[in-house]
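S.K.: Dumping the structure here so I can ask a few things about it.
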2 protein chains.
Amino acid sequence: MKLIEKHRSFQGYQEVYRHPSKVTKCDMQFALYSPDNCTDVPVLYFLSGITCTEQNFIQKSGFQKFASKNQMAVIVPDTSPRGENIPDDENYKLGCGAGFYLNATQEPWSQNYNMYDYITKELPDIIANNYKFSNSKVGIFGHSMGGGGALQCALKNDLYKTVSAISPICSLHHSSFAKDVFANYFNNNEEELNLYDPIMLVKQSKKKFADIKIDVGLDDEFLKDLYIDDFVEACNSVDQKLSLNKHKGYDHGYYFIHSFIEQHIEYHASNLKKI
Amino acid sequence: MKLIEKHRSFQGYQEVYRHPSKVTKCDMQFALYSPDNCTDVPVLYFLSGITCTEQNFIQKSGFQKFASKNQMAVIVPDTSPRGENIPDDENYKLGCGAGFYLNATQEPWSQNYNMYDYITKELPDIIANNYKFSNSKVGIFGHSMGGGGALQCALKNDLYKTVSAISPICSLHHSSFAKDVFANYFNNNEEELNLYDPIMLVKQSKKKFADIKIDVGLDDEFLKDLYIDDFVEACNSVDQKLSLNKHKGYDHGYYFIHSFIEQHIEYHASNLKKI
């Protein structure tokens with residue numbers, strides 16, 4: 001692991017690391033915020049949306065103040081493999097930066113686009129091997145495609161004890177953001193897409209959370225393409241408790257995230273403390 | 001004035017406007033954060049540093065939470081004139097984005113580089129004519145070259161009742177950041193440079209502030225080039241009270257700003273309330 005950024009922030013450090021990844025077969029970057037003297041503290045993963053890197057959230061959300069206050073480590077991975085030899089596309093909904101947290105099955109994408117394994121296995125192993133954070137108090141959240149990513153990762157992996165999402169894309173079947181990935185990464189194979197679809201997964205999942213917190217802005221320019229109400233309905237159908245807050249006037253961007261980031265950090269902090 | 005951005009943020013709006021400027025002879029942009037229902041609220045101007053636009057501070061500092069809490073309007077101008085017909089230079093310490101808040105006297109810079117008049121006269125007039133904010137409760141602060149800009153503007157203009165600075169460049173005579181401007185904008189005329197030099201001005205100024213708040217990081221990569229201790233000495237020599245806080249481990253960047261932005265907003269809010 002190579003340290004490439006380190007900045008003092010709210011009595012802790014905001015760092016960025018680069019490391020070779022086995023599952024994406026390229027160097028990956030992730031950001032880590034850790035408050036001072038933070039042995040055995042809870043760990044929270046944040047997954048960003050399409051077009052982002054690890055930088056957007058760490059620069060714009062202001063989460064560090066609340067991670068410091070609640071004594072939590074926060075890990076923010078990049079959204080995709082990147083590099084000269086990585087397949088890419090002019091379409092921002094495919095390739096580098098597209099932020100799909102799944103394992104592609106079709107060539108050429110399947111060689112590197114294994115972000116599901118990276119997020120749920122390789123990166124947590126790296127963190128466990130290099131830091132003395134809690135291995136049991138682990139939560140995950142995200143924004144937009146990363147919000148959907150957080151939901152599907154949480155529903156399938158016992159690692160994550162809490163989950164929340166900001167403006168999440170809840171349906172890979174219906175959202176126009178996922179159409180190109182469906183055709184290209186999965187050759188239109190519905191069964192493979194189902195493995196990563198929050199609505200399909202919550203209906204089937206034996207794992208239940210005490211609560212799932214979701215926030216969305218009512219002036220979100222992509223509101224109809226998020227399928228949050230369908231996710232709520234799916235949760236209701238299987239008695240998965242969900243706390244959805246719809247906020248008048250707020251849009252899809254980082255000004256919405258920064259306005260409600262405190263609530264999300266506090267939500268994970270208070271629920272992870274109970275474990 | 002043309003509205004080019006509007007985002008809901010912390011029960012207020014973060015907006016960006018573009019307008020033709022008489023003194024810079026080009027279109028200028030400024031950002032305005034205003035909490036809801038904010039008639040007669042204090043107004044705070046923030047001046048950014050070299051290489052910035054109005055975007056850096058509004059995206060990265062997280063000030064909106066505290067402006068909302070304290071019911072203050074915050075105005076963030078761009079750092080320089082910009083456009084196809086505006087003189088520029090490859091050197092980032094000259095030309096577009098260089099963030100010098102002064103009126104250049106030498107051609108070709110003198111045609112447009114009149115940021116001092118823009119900040120202290122034209123922009124406050126625009127705000128007064130378009131909004132019902134307080135005309136008396138007005139403060140100014142800034143970062144790096146904008147920190148020095150805030151100090152020199154505050155010292156010379158009765159408009160500003162409070163002033164603070166984060167990692168300010170206090171000497172235009174000695175800082176290497178100002179060397180090229182001295183030669184190019186002023187043809188090495190010391191008397192002209194003195195008009196904008198915080199250390200020279202505080203020694204001469206009849207205007208006294210109840211306090212001047214300055215914060216700086218001890219791991220600031222430009223620490224020796226800021227001349228903050230010289231500014232402290234100048235303040236002491238004329239009995240200008242100054243509260244300087246040096247913070248271990250913090251650098252010159254936005255992670256430092258976001259860690260202490262709450263203190264600066266609270267400082268202006270509490271002092272402007274007394275007026």
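S.K.: Please go through the range B:227-239 and give me each residue that is in contact (Cβ under 8 Å) with a residue 24 or more places away in the chain and either among the aliphatic types (A, V, I, L, M) or in a loop (DSSP other than H, G, I, E, B) (or both), ordered by number.
M.R.: B:Tyr227, B:Ile228, B:Ala234, B:Val238, B:Asp239
S.K.: Please indicate, with yes or no, whether at least one residue in the range A:225-233 is under 30 Å from B:Gln64 (Cα atoms), among the acidic types (Asp, Glu), under 19 Å from the mean Cα position of the chain (by Cα) and within 14 Å of chain B (Cβ to nearest Cβ).
M.R.: Checked the range A:225-233: no residue is under 30 Å from B:Gln64 (Cα atoms), among the acidic types (Asp, Glu), under 19 Å from the mean Cα position of the chain (by Cα) and within 14 Å of chain B (Cβ to nearest Cβ).
S.K.: Given (1) within 14 Å of chain A (Cβ to nearest Cβ); (2) touching a residue at least 40 places away in the same chain (Cβ under 8 Å), where does B:Asn271 come up short, assuming only one miss?
M.R.: Tallying (1) within 14 Å of chain A (Cβ to nearest Cβ); (2) touching a residue at least 40 places away in the same chain (Cβ under 8 Å), B:Asn271 fails exactly one: (1).
S.K.: Just to check your reading of the model, which residue among B:Lys121, B:Lys224 is within 24 Å of B:His247 (Cα to Cα), surrounded by fewer than 16 Cβ atoms within 10 Å (Cβ to Cβ) and not hydrophobic (A, V, I, L, M, F, W, C)?
M.R.: B:Lys224
S.K.: I've got another one for you. Those residues that are over 17 Å from the mean Cα position of the chain (by Cα) and either assigned to a helix (DSSP H, G or I) or within 12 Å of chain B (Cβ to nearest Cβ) (or both), I need them from the range A:240-261; list them, please.
M.R.: A:His247, A:Lys248, A:Gly249, A:Tyr250, A:Asp251, A:Tyr255, A:Ser259
S.K.: Still on this structure, I have one more. Of (1) touching a residue at least 60 places away in the same chain (Cβ under 8 Å); (2) more than 16 Å from the chain's Cα centre (by Cα), A:Ser68 satisfies all except one. Which?
M.R.: Result: A:Ser68 fails condition (1) only.
S.K.: Going by what's in this entry, would A:Arg82 be described as within 23 Å of A:Cys153 (Cβ to Cβ), surrounded by fewer than 16 Cβ atoms within 10 Å (Cβ to Cβ) and either out of contact with any Leu (no Cβ under 8 Å at 6 or more places or on another chain) or among the hydrophobic types (A, V, I, L, M, F, W, C) (or both)?
M.R.: No; evaluated as a whole, the condition is false for this residue.
S.K.: List pairs: first in the range B:210-225 and under 13 Å from B:Ile261 (Cα atoms), second among the small types (Gly, Ala, Ser), Cβ under 6 Å, 6+ apart or cross-chain?
M.R.: Correct list of pairs: B:Lys213/B:Ser164; B:Lys213/B:Ser243; B:Ile214/B:Ala165; B:Val216/B:Ser167.
S.K.: Further question: Looking at the structure I just gave you, is B:Ile214 under 30 Å from A:Ile58 (Cβ atoms), within 19 Å of the chain's Cα centre (by Cα) and within 14 Å of another protein chain (Cβ to nearest Cβ)?
M.R.: Taking the combined requirement at face value, the residue does not satisfy it.
S.K.: Return the only residue of B:Ile257, B:Ile214, B:Ile228, B:Ile275 being of a type in the set (Val, Ile, Thr) and within 15 Å of A:His7 (Cα to Cα).
M.R.: B:Ile257 is the lone residue from the list that is of a type in the set (Val, Ile, Thr) and within 15 Å of A:His7 (Cα to Cα).
S.K.: Which fully enclosed strands (runs of 3 or more DSSP E) of the range B:1-54 have 2 or more residues being more than 14 Å from every other protein chain (Cβ to nearest Cβ) and surrounded by fewer than 23 Cβ atoms within 10 Å (Cβ to Cβ)?
M.R.: Because the criterion is at least 2 residues that are more than 14 Å from every other protein chain (Cβ to nearest Cβ) and surrounded by fewer than 23 Cβ atoms within 10 Å (Cβ to Cβ), the strands (runs of 3 or more DSSP E) in the range B:1-54 that meet it are B:2-9, B:12-21, B:26-35.
Only the coordinates and a few stated rules stand behind these numbers; no lab work does. Small disclaimer: the values here were computed from a predicted structure and weren't measured. As a convention, Cβ positions derive from the backbone with ideal geometry for all residues, glycine included, and neighbour counts pool all protein chains shown.
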